Structures are given as C-alpha cells and as structure tokens.
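**Student:** Below you'll find the structure I mean.
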Amino acid sequence: MDLDKSDNIKIALIGCGNWGKNIARNLSEMNALSCIYDPHSNISKKISNDLELPNYSLKEIFSNKDIDGIVIASSADTHINIAKQALLNNKDVLIEKPFCLSLSDAKNISDLAEEKNKVLMAGHLLNYHNAFIKMKNLIDQDKIGSIKNIRAHRLALGLVRQNESVVYDLAAHDISMILSITKILPTNLQVQSIHHNSNLGPDAISVKLSFNEKVTALINCDWMCPYKEHRFSVIGTKGSLIFDDTRDWSNKLTFNPSIINEDNTINFYPLEKIKVNENEPLKNELREFINSIQTRQNPLTDHKEALKVQTVMEMIDKKLG
C-alpha cells in the first residue's frame, strides 16, 4: 500500500480543535478523510471549507454505511458516549488520548469492541515516534543491558484542561511508553501532586512506579512549568538512552555509556548520537489505524494496551484521593 493512500478507506473525524486540525490535515493527505464534525459550527465550517469536505452531524456519521472508521478527537469527557455509539453502529474507532476518564468506562467500550469484533485503538502517539521505536529496538538488542530505571519528564507552560487533569492530559503519554518497555504493570506506586489552577485534579504530579525485578520509573508532568522539557530516558547496567523530543532530529536520541560501578565510582564516557529517520508520528498512528481496518489485525496501541494505561492512571487517581 502507498503509505500516503488509504485504498478507499473512509474515515470520519469528530473534533477539529487544535489537535483535530492536525488529524484532519494528515487524513486528507492520505485521501482517507470522508467528513468532519465539531460541536462548534464555526470550526466545522472552516475545516470543511478548507478541505472541501462535508460537515455532517453525529447522527449522519453514525448512520452512514460508507464510513469505515471514526477518529475521536473531541474533549475527553465526550469520548465514552461517542465511542459507544460508533461501535454500536459497527464503526472501527480510534480515540485520541486520553482513551477514557475512568477504568470502568474503558472496560465498557473495550468489551463492546470485542463483542462487535471492531478495531478500537488509543492514540498513544509517541509509540509511533521513530526515536522511541529506535530506543525500544536498541533496548531489545541489549544496548543498555538490564533496565534499572526509566525517567519521564513532560513539562511546559501549557493549556489547563477543564475536563481532565494533568494525569490524563500529559502522563498518559509516558505511562504508555513505560509499559511498552516494561511489558508489565507496576506492583506499587507513590504520588506527589501540586494543585493551583485545575478544579479537576493536579496541575503537576510526580509519580514513582515500582515493577518486578527492581525496575523503577519516575514520571514528572506539569502544565504550569515556565520551561519546556519533553525527555524520556532509560537507564541500564551498560549505559542509558535519552529521547529528547525538544531537540532537532539529529539530536533526539542519544546513548550515554557512562555507568555507576558496584563500588559507586563512575566511569564517564562521551555521549553518542543515534541516527533516527525523521517521521511524523501522527501520520504513522493514522496509518496504523487504516491498516488495522484493512487487515483486521490489532493495532500496536489497541484497546488492551489502552486498558493497561487506564489501569495505571486509575491507580494514580486513587493515591490522589
């Protein structure tokens, strides 16, 4: 299949806000975008005019038998009801993160997707980033030895969400990446939080995850930080891999062979740049969705993966009280 063609798969996009606009552009470039919907009529009209596409109602999208799949990029509190209606109308579904706002809702639509034999995918975007894919390949090739610790920092002065806390807006990315590497759920976690602006939950969190075999992970997420940091590191017995998404492509992924010895002395070595082919993760994510519709194979971030991420977010919520 031509990577930028969909072989006549027809996708409806629900939600055309800041992120939805990017989805619309990519699906349009892939000749897969059939129609759009946004509750704000001015946004709908602009996108539909710009892309020369129909602007349908939700009812028209659900009932249209020519539409194969639906991408949900609306506000997080609408995901569960839209996804239910889409699945009940036999549509394959991609839900941009957060998948849901509760584990019970996530289980509900996961069970429904199984019952209807439909694709249900979560938009855990960074799993489709070439730097993270390369990082995982190097870990599998024993580049850093046995994993000891994973560190995720996602900080910026960003939009304070009214329908979701920083756990669901930011930490979902890092939880998905961490679970993709550990392949198991944490056995325990500790949480600290800061509350200043959001009425729903914390504005900043620091989470320690403990896994089997002495593997730990630290997550720091903050949407009120005055500087931007999007860095994900995996520390092993032979060195560390650092994925810094704020850097240019030639510097996004580096290997630090420096290690701490058993006597706590340190062997210092220079950083090594890892070559990564540039890509647009969102386009890869959408290709994965289209391919799953065509082949009926589970996508990388399917609803089972989404349930694991949702489980950890629910564990964090319970610690927050």
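Taken together, the values in this text are just the output of simple stated rules run on the coordinates, not laboratory data. All values derive from a computational prediction rather than experimental measurement. No Cβ is skipped: glycine too gets one built from the backbone with ideal geometry, and neighbour counts run over all protein chains shown.
**Student:** Calculate, axis by axis, the spread of Cα positions in the stretch 177-321 along the three principal axes, and write the results as whole Å, longest axis first.
**Tutor:** 48, 42, 36
**Student:** Follow-up. Just to confirm the number: angle between the C-alpha axis of helix 130-140 and the first principal axis of the chain, 0 to 90 degrees, nearest 10?
**Tutor:** 50
**Student:** Mind checking the full-extension length gain between Ser258 and Lys148? Use 0.36 nm per residue of separation minus the Cα-Cα distance, one decimal, nm.
**Tutor:** Going from the current span to full extension adds 38.2 nm.
**Student:** Let a ≥ b ≥ c be the square roots of the eigenvalues of the Cα gyration tensor of the stretch 143-249; is it rounded (a/c under 1.5), or, if not, prolate (a/b larger than b/c) or oblate?
**Tutor:** On the way: a/c = 2.55, a/b = 1.51, b/c = 1.68.
Because a/c hits 1.5 or more and a/b fails to exceed b/c, the stretch 143-249 counts as oblate.
**Student:** Within the P(r) computed for the stretch 1-143, what percentage of the Cα pairs occupies the region above 21 Å? Please list the in-between numbers first.
**Tutor:** Values: 4653 of 10153 pairs.
When every Cα pair of the stretch 1-143 is considered, 46 percent fall beyond 21 Å.
**Student:** Which one is right for this structure if Cα extents along the principal axes in Å is calculated from it: (1) 60, 47, 38; (2) 67, 46, 39; (3) 53, 44, 41?
**Tutor:** Recomputing Cα extents along the principal axes in Å here gives the entry labelled (2).
**Student:** Using a cut-off of 14 Å between beta-carbons, work out the net charge of the residues near Val215 (Lys and Arg +1, Asp and Glu -1, Val215 not included).
**Tutor:** Taking every other residue near Val215 into account, the sum is +4.
**Student:** Does a label point 7 Å from the Cα of Glu114, set along Cα-to-beta-carbon, have any residues of the stretch 186-224 with amide nitrogen under 18 Å, and which are they?
**Tutor:** Within reach of a label on Glu114, which here means backbone N under 18 Å from a point 7 Å along Cα→Cβ, the stretch 186-224 contributes nothing.
**Student:** Stretched out fully, how many nm does the piece from Ser210 to Asn267 gain, at 0.36 nm a residue minus the Cα gap?
**Tutor:** Between Ser210 and Asn267, full extension yields an extra 17.9 nm.
**Student:** Ignoring everything except DSSP H segments at least 4 long, calculate the 222 nm mean residue ellipticity for the chain; use -39,500 (n - 2.57) per segment, divide by total residues, nearest 500.
**Tutor:** After summing the helix terms and dividing by residue count, I get -10500 deg cm²/dmol.
**Student:** Using mean Cβ contacts within 10 Å as the protection proxy, how do 234-247, 173-186 order, highest first?
**Tutor:** Values: 234-247: 18.1, 173-186: 20.4.
Per-residue mean Cβ counts within 10 Å order the peptides as 173-186, 234-247.
**Student:** Moving on to the next point. Using 0.36 nm per residue of separation minus the Cα-Cα distance, give me the extension gain between Asn137 and Val160 in nm, one decimal. All intermediate terms of the calculation are to be shown ahead of the outcome.
**Tutor:** Values: separation 23, 0.36 × 23 = 8.28 nm, distance 3.48 nm.
Here the segment from Asn137 to Val160 would lengthen by 4.8 nm.
**Student:** Sum up the charges of everything whose Cβ sits under 12 Å from the Cβ of Phe99, counting Lys and Arg as +1 and Asp and Glu as -1, but leave Phe99 out.
**Tutor:** Numbers: positive: Lys97, Lys107, Lys304, Lys308; negative: Glu96, Asp105, Glu164, Asp302, Glu305, Glu314.
Around Phe99, the surrounding residues sum to -2.
**Student:** A further question follows. What does the net charge come to around Ile181 if you take all other residues with beta carbon closer than 14 Å to its beta carbon, with K and R at +1 and D and E at -1?
**Tutor:** +2
**Student:** Continuing with the same structure: Determine the dipole magnitude for the chain: charges of +1 sit on the beta-carbon of Lys and Arg, -1 on that of Asp and Glu, nothing else is charged, the reference point is the Cα centre, and the result goes in debye to the nearest 20.
**Tutor:** 260
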